[in-house]
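**Student:** My structure is below; once you've seen it, I'll send some questions.
The values are calculated or read from the model by the stated rules, or taken from the named source; none is laboratory data. Predicted, not measured: the structure shown is a model, and the values here were computed from it. Cβ coordinates were reconstructed from backbone atoms using ideal geometry, including for glycine residues, and neighbour counts include every protein chain displayed. Heavy atoms of the whole protein, side chains included, go into the accessibility calculation; ligands, DNA and RNA do not. Shrake-Rupley method; radii C 1.70, N 1.55, O 1.52, S 1.80 Å.
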Amino acid sequence: MKGRMLVLLAVFSVLFMMMPVVSARHKNESKVDKILYVPLDNRPIADKQTTEAIQKLGYQVVVPPENMLGDRQNLGNPDELWTWMEKNAPDADAAVVSSDSMLYGSLVGSRKHEYSKQEILSRAEKFQTFRKEFPKLPLYVFSSIMRTPRSGEASGHEEPAYYRSYGSDIFRYTLLRDKAEVEGLTRREKKEQAFLEQLIPENDLADWLGRREKNFAANKTLISMTRANVFNYLALGRDDNAPYSQTHLESRHLAEAGSDLDVSRFQTMAGTDELGMLLLTRAVNTIRHETPFIYVRYNWGQGEFTVPAYSDEKISASIRSPVSAAGAIELKPPEQADLVLVVNTNPNGRTYEANDRANDGTPREGTKYLADIITDYTSNGYPVALADIAYANGADNALMEELKKRGLLFRLRAYAGWNTPTNSTGFVLGEGLLTKHMRDDDVDQLLLTRYLDDWAYQANVRTIIARQLTWLRGDGVYGSLDTKKDAVAERSANMITRFAETNFPPFKSLEEIQVAFPWNRLFEADIQHQEHQEIHYFQRDTK
């Protein structure tokens, strides 16, 4: 008996000694996991705000030097990005890469570049060389199908100059081309198409369609590479589009080109800016050997059948694709879900703009109903993420006020209400899945980032500042702040600070708020609260 006791004591002693070693080893392994990330450009949402969520899990996210990434004026440096990626790949555990950056320099570069088709396809071929050099590195690539803005104003000067004059006509012309293929044109529409061909300058139309043909050829090449196992996964995002448009037309043909590939390898989907977050989430889930489950709940009315602004399909389809892209599975009963995604749509199925006068905080149809849903799920212990898409380009003030009154703002696990509805749903889905492994304090800081940007700035401060621009000295307008930029930044920071004091608990990170406008326009802001200023969320390679 005594001998057995000694043996048991010896076994327990060994196990006790091993436990901290195993734990420390796991902790160290999580710290050394290195993910290369090449974003679309240097916008905060695509760059810093996306990598922030991954870094909070303990991963080392390595991003190229900012001067290599494109912005609104600098279209980026694709050849330098290739050199950078090859230099950093040897000790990486995964790579998430924007092909737009690698082929054209950036998302805006894909629309305004002057590269030949041969140059673009030669860069695309570098993916094959990269795969041969790093055969075991998981490689997740996302690409955009060029957008078709409805007008020159909607393009925000991010298309060639002729789009300012003929953007609406080009959009209508390509709409008719798409419709002709899908269901045919009426006699009147055929006449309109012929008229538009005469109206739009021949050189401009040829340039527009030629750029798209290069983009289409590059995406088709990427699909072929996926079939040849160059990529572990490829996502083609439909940038801002409509049910009938050139973007929709090209997407249909590209989907056909990859129809033999399983959704675990290749997908086309609505949206582009959120793809970095989704594929980083996929990389993390793969590293952790996890397949999370998601339950989706919509507001009453049109709900899942809503076709939101800037999209060409029902929102349910636009959520189903990102679920798969993130490496997750959608299920019906919420009991087994790792995340409950609540989607704020308008009961009438329409999407409004956040700067609309109606977004004044007055409850509308569906406001309290959706708040009740969130109350029920959070009260029952479900992890809830909110996709706030009743308005595009900003939060729903009425819903946010209702959540604040009920003390629900920081009972959510994730939130998004920025840019297009599909941008928001994809981003919050990816970030929401990651929060399962985060400390509550980290979740609160991610929520603050979105609330300051999507609610405080986009839905409120941005509109006020736009009206006050004429009061400020210097030269500058909404789309080009120029010498007014510093004054606008200071005024915005003061307004956001007051908004935070009124609506949020006294987080230490809110003691100092700074605002910058990296793209020299009001549309997006880089809002830094104290935690951002003190902590480096990712490793920026400065060489």
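**Student:** Using θ = phi - 60° and the Karplus relation 6.51 cos²θ - 1.76 cosθ + 1.60, list the HN-Hα couplings for the stretch 165-177 in order, rounded to whole Hz, with x at every Gly or Pro.
**Tutor:** 8, 10, x, 5, 5, 5, 4, 5, 4, 6, 4, 5, 4
**Student:** In degrees from 0 to 90, rounded to the nearest 10, what is the angle of the helix 202-227 Cα long axis to the longest principal axis of the chain?
**Tutor:** Long axis of 202-227 versus the principal axis of the chain: about 30 degrees.
**Student:** Enumerate the calculated ³J(HN,Hα) couplings along the stretch 303-310 in order (Karplus 6.51 cos²θ - 1.76 cosθ + 1.60, θ = phi - 60°), each rounded to whole Hz, writing x wherever the residue is Gly or Pro.
**Tutor:** Taking θ as phi minus 60°, the curve returns x, 5, 8, 4, 9, x, 4, 6 Hz for the stretch 303-310.
**Student:** Moving to a separate point now. Would you list Phe517, Phe410 from the most to the least accessible area, probe 1.4 Å?
**Tutor:** On the way: Phe517 5, Phe410 50 Å².
Largest accessible area first, the list is Phe410, Phe517.
**Student:** Treat every Asp and Glu Cβ in the stretch 25-170 as -1 and every Lys and Arg Cβ as +1, leave all other atoms uncharged, and give the resulting dipole magnitude about the Cα centre to the nearest 20 debye. Walk me through the numbers on the way to the answer.
**Tutor:** Details: 20 positive and 21 negative charges, 83 e Å.
The calculation lands at about 400 debye.
**Student:** Of the heavy-atom accessible surface of the stretch 428-470 (probe 1.4 angstrom), what whole percent is carbon and sulfur? Mind dumping the intermediate values first?
**Tutor:** Values: 520 of 1200 Å².
That share works out to 43 percent.
**Student:** Next up: Please work out how much length the chain gains when fully extended from Lys436 to Tyr369, using 0.36 nm per residue of separation minus the C-alpha to C-alpha distance, in nm with one decimal. Please report the intermediate quantities before stating the final value.
**Tutor:** Values: separation 67, 0.36 × 67 = 24.12 nm, distance 2.63 nm.
Stretched out fully, the Lys436 to Tyr369 stretch lengthens by 21.5 nm.
**Student:** How much length would be gained if the chain were fully extended between Glu66 and Ala206, taking 0.36 nm per residue of separation minus their Cα-Cα distance, in nm to one decimal?
**Tutor:** Numbers: separation 140, 0.36 × 140 = 50.40 nm, distance 3.35 nm.
Extending this stretch completely gives an extra 47.0 nm.
**Student:** At a threshold of 8 angstrom on Cα-Cα distance, excluding pairs fewer than six apart, so keeping six or more, what relative contact order does the chain reach in percent?
**Tutor:** Numbers: 971 pairs, mean separation 68.3, N = 543.
Result for the chain is 13 percent.
**Student:** Project the alpha carbons of the stretch 371-516 onto their principal axes and report the range along each, largest first, in whole Å.
**Tutor:** 54, 32, 27 Å, listed from the longest principal axis down.
**Student:** If I model a spin label at Tyr478 and Leu199 as a point 7 Å from the Cα along the Cα→Cβ vector, what separation in nanometres do I get?
**Tutor:** With each label point 7 Å from Cα toward Cβ, the separation is 2.4 nm.
**Student:** Quick check: residue separation of Ala358 and Lys508 times 0.36 nm, minus the Cα distance between them. What number comes out in nm? Please list the in-between numbers first.
**Tutor:** Working: separation 150, 0.36 × 150 = 54.00 nm, distance 3.33 nm.
Length difference between fully extended and current span is 50.7 nm.
**Student:** Sticking with this structure for a sec: Report His248's accessible area, 1.4 Å probe, all protein chains in place, as a number in Å² to the nearest 10.
**Tutor:** 40 Å²
**Student:** Say the dipole of the chain comes from +1 at the beta carbon of Lys and Arg and -1 at that of Asp and Glu; which of Trp471, Asn520, Ile496 then lies farthest toward its positive end?
**Tutor:** Most positive-ward Cα: Ile496.
**Student:** Just from its helices, what would the mean residue ellipticity at 222 nm be for the chain, if runs of 4 or more DSSP H residues each count -39500 (n - 2.57) and the sum is divided by every residue, rounded to the nearest 500 deg cm²/dmol? Before the final figure, lay out each step's value.
**Tutor:** Working: 20 runs with 255 residues, N = 543.
Value at 222 nm, helices only: -15000 deg cm²/dmol.
**Student:** Got a number for carbon plus sulfur as a percent of the stretch 268-375's accessible area, 1.4 Å probe?
**Tutor:** 48 percent
**Student:** While we're here: For Trp300, tell me the accessible area in Å² from a 1.4 Å probe, rounded to the nearest 10.
**Tutor:** 110 Å²
**Student:** Could I ask something else about it? Per residue, how much accessible area does the chain show when a 1.4 Å probe rolls over the protein heavy atoms, in square angstrom?
**Tutor:** Values: 23180 Å² over 543 residues.
That works out to 43 Å² for each residue.
**Student:** Let me ask something else about it. How large is the Rg to Rh ratio of the stretch 240-324 when both quantities use alpha carbon positions and Rh follows Kirkwood?
**Tutor:** Details: Rg = 14.3 Å, Rh = 14.5 Å.
Reported Rg/Rh, Kirkwood definition of Rh: 0.99.
**Student:** OK, next. Whole-Hz Karplus ³J(HN,Hα) for the stretch 237-245, in order, using 6.51 cos²θ - 1.76 cosθ + 1.60 and θ = phi - 60°, x for Gly and Pro?
**Tutor:** Coupling constants for the stretch 237-245: x, 7, 5, 2, 8, 8, x, 10, 5 Hz.
**Student:** If you don't mind, another one. On C-alpha positions alone, give me the angle between the axis of helix 2-32 and the longest principal axis of the chain, in degrees, nearest 10.
**Tutor:** With both axes taken from Cα atoms, the answer is about 20 degrees.
**Student:** At 7 Å along Cα-to-Cβ for each site, give me the label-to-label distance between Asn229 and Lys87 in nm.
**Tutor:** So the two model labels end up 3.2 nm from each other.
**Student:** Taking the simple approach of a point 7 Å from Cα along Cα-to-Cβ for both Arg467 and Leu185, what is their distance in nm?
**Tutor:** Result for the modelled spin labels: 4.4 nm.
**Student:** I would also like to ask the following. Just one of (i) 24.2, 101; (ii) 23.7, 81; (iii) 26.2, 92 is Rg and Dmax of the Cα atoms in Å as worked out from the coordinates here. Which one is it?
**Tutor:** It is the one labelled (i).
**Student:** Looking only at the stretch 223-245, which residues have a backbone nitrogen under 11 Å from a spot 7 Å from the Cα of Thr291 in the C-beta direction?
**Tutor:** Output list for this probe position: empty.
**Student:** Near the amide H of Thr420, under 5 Å away, which other amide H atoms are found, from residues 5 or more places off or on another chain, if H is placed in the peptide plane?
**Tutor:** Asn393
**Student:** Please work out the FRET efficiency for the pair Arg164 and Arg411, using the Cβ-Cβ distance as r and a Förster radius of 35 Å; give the result to the nearest 0.05.
**Tutor:** Approximately 0.15, to the nearest 0.05.
**Student:** If you don't mind, another one. Could you tell me the calculated FRET efficiency between Glu192 and Thr129, based on Cβ-Cβ distance and R0 = 60 angstrom, to the nearest 0.05?
**Tutor:** On the way: r = 47 Å, r/R0 = 0.79.
Calculated value: 0.80.
**Student:** Give the angle, between 0 and 90 degrees and rounded to the nearest 10, that separates the Cα long axis of helix 117-133 from the longest principal axis of the Cα atoms of the chain.
**Tutor:** 10 degrees
**Student:** Ignoring the sites themselves, what is the longest stretch of the chain with no GluC sites (Glu not before Pro) in a DSSP loop and at most 12 other beta-carbon atoms within 10 Å? Before the final figure, lay out the partial values.
**Tutor:** Working: sites that count: Glu114, Glu183, Glu365, Glu511.
With GluC sites (Glu not before Pro) excluded where exposed in loops, the chain gives 184-364 as its longest stretch.
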